[in-house]
Amino acid sequence: METEQHPSPNAVLSASLRLIRSHRRLRAADVAQGMNMALRSYEHFEAGAGRINLERIHRFADVTDSDPHAIISALSLGSPAFAVRSADNKLATILMVVLQEFDEEVGDAMAELDGRTIINVFTRALKDLAGLAVTRDAHAEAWLEERRRRLVTPGSDDPSADDEGG
């Protein structure tokens with residue numbers, strides 16, 4: 001049986017940080033300055049060298065307006081893309097806030113929930129979210145396509161475009 005090779009958490013962290021920084025169109029020097037770090041120290045952090053530092057991940061997320069919990073989750077998922085996909089909508093942070101509220105409301109009764117129920121509820125909720133994302137994309141594309149046709153393009157043969165006057 002073959003074992004699947006997963007990238008190390010440090011490699012995932014490095015890729016996540018670089019992807020987010022690139023997504024935000026920031027230079028390493030900009031992020032280093034925002035984090036109040038020497039550029040060399042920041043480069044060491046972004047390279048995934050050394051121990052994973054949660055405080056630095058949170059500072060990086062503040063400076064890049066990204067989701068620190070998504071970066072941390074990306075380490076477990078082995079998916080730097082998850083960190084980028086969640087940078088704008090803060091999916092993982094929202095999940096943590098809702099989980100915190102759930103913990104406060106339910107308290108010790110949480111221990112009475114069985115694993116199968118938890119799996120089913122989360123699976124259903126995430127499938128619903130996935131459906132919303134696909135529906136929104138399709139709706140946005142249809143909206144744009146319908147309205148794009150009304151635009152006048154340079155060199156169009158539409159004689160009514162010349163009737164507007166100027």
Could you say whether any residue in the range 26-46 is closer than 28 Å to Leu126 by Cα and under 20 Å from the mean Cα position of the chain (by Cα)?
no
Specify the residue that is most open to solvent (accessible area, probe 1.4 Å); the eligible residues are those in the range 71-90 that are within 17 Å of Asn10 (Cβ to Cβ) and touching a Ser or Thr at 6+ places or on another chain (Cβ under 7 Å).
Phe82
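Run down Asp114, Asp30, Asp65, Asp108 and say which single residue is within 27 Å of Ala133 (Cα to Cα), of a type outside the set (Gly, Ala, Ser) and at pLDDT 95 or above.
Unique residue meeting the criteria: Asp65.
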Unique residue being in a helix (DSSP H, G or I) and either among the hydroxyl-bearing types (Ser, Thr, Tyr) or in contact (Cβ under 8 Å) with a residue 40 or more places away in the chain (or both) when the list is Ala133, Ala142, Ala74:
Ala74
Taking the range 97-130 and keeping residues more than 24 Å from the chain's Cα centre (by Cα) and either among the small types (Gly, Ala, Ser) or not in a helix (DSSP H, G or I) (or both) leaves Gly107, Ala109, Ala111, Leu113, Asp114, Gly115
Criterion: out of contact with any helix residue (DSSP H, G or I) (no Cβ under 7 Å at 6 or more places or on another chain), farther than 19 Å from Ile94 by Cβ and open to solvent by less than 70 Å² (accessible area, probe 1.4 Å) - qualifying residue of Asn10, Asn36:
Asn10
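The values are calculated or read from the model by the stated rules, or taken from the named source; none is laboratory data. Since the model is a prediction, treat every value here as computed from it, not as a measurement. Glycine also receives a Cβ, built like all others from the backbone with ideal geometry; neighbour counts cover every protein chain displayed. Only protein heavy atoms, including side chains, enter the accessible area calculation; ligands, DNA and RNA are left aside. Shrake-Rupley method; radii C 1.70, N 1.55, O 1.52, S 1.80 Å.
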